[in-house]
Structure formats: C-alpha cells, structure tokens
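First the structure, in the form of structure tokens, and then the observations on it.
The values are calculated or read from the model by the stated rules, or taken from the named source; none is laboratory data. Given the structure is predicted, the values throughout are model-derived calculations rather than measurements. Using ideal geometry, Cβ is built from the backbone for each residue, glycine included, and neighbour counts are taken over all protein chains shown.
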Amino acid sequence: MTDHMQKPEIISAEPPLNAAEQSKAPKVLLDVKDLTSSYGRIQALKGVSLHVNVGEIVTLVGGNGAGKTTLLRSISGVQPITGGSITFRDKDISALPAHKRVPNGIGQSPEGRQIFGPLSIEDNLMLGAYTRKDDLIDYDLDRVYKMFSILKERRKTAAGGLSGGQQQMLAIGRALMARPRLLLLDEPSMGLAPILVDQILEAIASLKEEAVTVFLVEQNAFAALSIADRGYVIETGKITASGNAKDLMEDDAVREAYLGV
Ligand SMILES: Nc1ncnc2c1ncn2[C@@H]1O[C@H](COP(=O)(O)OP(=O)(O)OP(=O)(O)O)[C@@H](O)[C@H]1O
C-alpha cells in the first residue's frame with residue numbers, strides 16, 4: 001500500500017485523479033433517462049432525465065409533492081420504477097436491489113434523518129460504515145468529527161438528544177461513513193432555523209473539497225442553488241428548467257415560482 005492510500009486526503013471513495021486518469025474517468029457519474037414511477041394510479045415521475053458529473057454539486061429543486069423524494073428513492077433503489085433507466089458509473093443499475101447500491105457507491109441521507117435515538121452518536125455514525133471492509137473507517141470517522149465538531153464533543157451520548165440541526169449533521173456524517181462516490185441528500189434544510197440552514201449548506205459545500213459528488217434535493221431553492229454548480233427544477237413529475245445554478249437563480253420564471261422574488 002502506498003503512503004497516499006494509507007492517508008488519503010478525502011472522505012470519498014473516489015480518489016483524487018491525476019491528469020492521465022482524469023481523461024479516462026467517466027465524466028458522468030449518474031445518468032437518469034426518461035424515468036417514470038407511480039404510486040398506484042398517481043404517476044409521481046413522468047419521464048425525468050438528468051445527470052450528475054463527477055465532482056459536481058447538483059441540486060433538484062421543486063415544491064411540495066413535485067416528485068423530488070420519489071426521484072431520490074428511485075436512485076437509491078427503494079422506490080420501484082416503471083420505465084426509463086438509471087446509469088451509475090457507466091453501469092445500468094435500474095434493476096439492482098437497494099442494498100447493492102450502497103456498496104456500489106451511492107450513499108443517502110434520507111428525508112426525516114432516520115437517526116437511531118437510543119444509540120450513541122458514534123454508533124449511529126458507525127452504522128454508516130457497516131458494508132465496508134477496509135481499514136480507513138477510523139480515518140473517516142475523524143474526518144466527519146472535523147467537519148461537525150459538535151458530534152465529536154457528544155459522541156458517547158444518545159443521538160436522540162441532538163437538536164434538529166445536529167441530527168441533520170449526524171445523518172450527513174453517517175452517509176459519508178459509507179465513503180459514497182455519490183451522496184444523495186433529501187431536504188437537509190427542512191425544519192431548520194436559518195442559521196442552521198447556513199451551517200448545513202456550508203458543510204455540504206465543503207464536501208466539494210473532499211471530492212464527494214453531491215445530488216441535493218431541496219424545497220429551499222435559493223439555499224440549494226447558492227451552493228450548487230448546476231440545478232434542475234421539477235414540477236409535478238417533470239423537469240421544467242435546468243442549467244447552471246447561477247443562471248437558474250437569475251431566471252425570472254424560477255425566481256417567481258421558487259425564490260419568492
Ligand atoms: N407513499 C405514497 N403513496 C401515494 N402517493 C404518494 C406517496 N408518496 C408520494 N406520493 C405522491 O407522489 C407525488 C410526488 O411526491 P414526492 O414525495 O416525491 O414529492 P416531493 O417533491 O418530495 O415533495 P415533498 O417536498 O413534500 O416531500 C405527490 O403527488 C405525492 O402525493
């Protein structure tokens with residue numbers, strides 16, 4: 001094992017690439033094509049296409065019931081799809097069961113956080129690493145503690161005692177413990193006071209330096225677009241706008257519908 005492998009500078013399983021490797025690496029990490037999904041007679045996704053490139057923060061914004069969670073759950077494999085395809089790292093994973101997508105590199109911090117309240121913060125974090133067999137788990141734990149110092153301070157205490165914002169940090173930290181190539185985040189700002197929203201977004205933005213690729217789903221469009229490279233807008237199961245995040249923030253229709261401007 002090389003020195004570099006013993007002490008990597010990143011949390012992500014995607015190692016920093018040298019120039020030669022970079023030119024060979026697939027640029028598109030996640031490619032969703034014409035995806036459809038239904039709950040009985042309700043068609044929640046009506047042919048959604050989008051992609052996420054390696055190293056990007058991409059956000060999907062939209063109002064209540066637009067289909068954001070359904071799309072994320074389809075990508076992580078817990079929501080059945082009725083048509084279209086999901087390609088991850090050049091492999092069609094549309095039929096891959098959810099439990100095989102995590103070791104393939106798709107990590108999710110779910111809506112509602114799903115923290116195990118009676119377990120300690122550290123045990124919650126370690127649950128994120130349960131599929132791993134490498135020797136970098138302690139190293140990653142340390143990185144998560146550096147990112148969210150409150151989790152370190154309270155690591156032996158029950159997770160149920162954390163505030164909403166801290167639980168959100170724990171949920172993101174736990175997802176990172178799986179060393180995802182792609183981190184899926186479902187409404188991390190939900191229910192948080194504005195100051196905590198800023199903190200969480202700052203932490204998400206800093207993941208870019210850790211070479212983690214992020215797909216962030218948010219109702220809080222302004223907050224999400226302010227840290228994203230690119231964005232998509234979804235309305236009643238269809239993508240209605242897309243582009244680089246700065247352009248979307250300046251788009252009149254988007255501003256009117258989602259930014260309250
Ligand atoms: N379990 C379910 N059973 C039936 N319909 C559902 C179910 N979950 C979602 N839906 C419907 O599917 C559509 C998309 O919902 P989804 O939760 O994906 O939207 P969303 O954009 O994530 O909204 P929110 O921000 O409110 O979570 C909505 O019409 C919703 O009512």
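Among the conditions (1) within 16 Å of the ligand (Cβ to nearest atom); (2) outside any strand (DSSP E or B); (3) over 17 Å from the mean Cα position of the chain (by Cα); (4) at pLDDT 90 or above, Gly191 misses just one, which is (4). Restricted to the range 199-254, and to residues there that are of a type in the set (D, E, K, R) and surrounded by 20 or more Cβ atoms within 10 Å (Cβ to Cβ), the residue that is nearest to the chain's Cα centre (by Cα) is Glu218.
From the set of residues in the range 86-138 that are hydroxyl-bearing (Ser, Thr, Tyr) and more than 13 Å from Gly173 (Cα to Cα), which is farthest from the chain's Cα centre (by Cα)?
Ser120
Cβ-Cβ contacts under 8 Å between residues 6 or more apart (or on different chains), taken from a first residue in the range 37-49 that is within 15 Å of Ile75 (Cβ to Cβ) to a second residue that is part of a loop (DSSP other than H, G, I, E, B) and β-branched (Val, Ile, Thr), are listed as Ser37/Ile81; Ser37/Thr82; Leu45/Ile81.
When the range 190-239 is filtered for residues that are acidic (Asp, Glu) and within 19 Å of Val48 (Cα to Cα), the ones remaining, listed by number, are Glu218, Glu235. Which one is nearest to the chain's Cα centre (by Cα) among residues in the range 29-69 that are β-branched (Val, Ile, Thr), within 12 Å of the ligand (Cβ to nearest atom) and buried (at least 23 other Cβ atoms within 10 Å of the Cβ)? Among them, the one singled out is Val61. Taken over the range 231-252, residues that are touching a residue at least 24 places away in the same chain (Cβ under 8 Å), among the polar types (S, T, N, Q) and within 15 Å of the ligand (Cβ to nearest atom) amount to 1.
The single condition among (1) closer than 25 Å to Leu127 by Cβ; (2) touching a Phe, Trp or Tyr at 6+ places or on another chain (Cβ under 6 Å); (3) at pLDDT below 90 that Leu259 does not satisfy is (1). Just give me the residues in the range 70-82 being assigned to a loop (DSSP other than H, G, I, E, B) and more than 9 Å from the ligand (Cβ to nearest atom), in sequence order. Of everything in the range 70-82, those that are assigned to a loop (DSSP other than H, G, I, E, B) and more than 9 Å from the ligand (Cβ to nearest atom) turn out to be Gly77, Val78, Pro80, Ile81, Thr82.
In this structure, is Asp138 surrounded by 22 or more Cβ atoms within 10 Å (Cβ to Cβ) and of a type outside the set (Val, Ile, Thr)? It is false that Asp138 is surrounded by 22 or more Cβ atoms within 10 Å (Cβ to Cβ) and of a type outside the set (Val, Ile, Thr).
With the requirement that a residue be buried (at least 18 other Cβ atoms within 10 Å of the Cβ) and assigned to a helix (DSSP H, G or I), what does the range 144-169 give you? Val144, Tyr145, Met147, Leu151, Ala159, Gly165, Gln166, Gln167, Gln168, Met169 - these are the residues of the range 144-169 that are buried (at least 18 other Cβ atoms within 10 Å of the Cβ) and assigned to a helix (DSSP H, G or I). If you go through the range 77-103 and keep only what is buried (at least 18 other Cβ atoms within 10 Å of the Cβ), touching a residue at least 60 places away in the same chain (Cβ under 8 Å) and either among the acidic types (Asp, Glu) or within 30 Å of Gln166 (Cα to Cα) (or both), you end up with just Val102.
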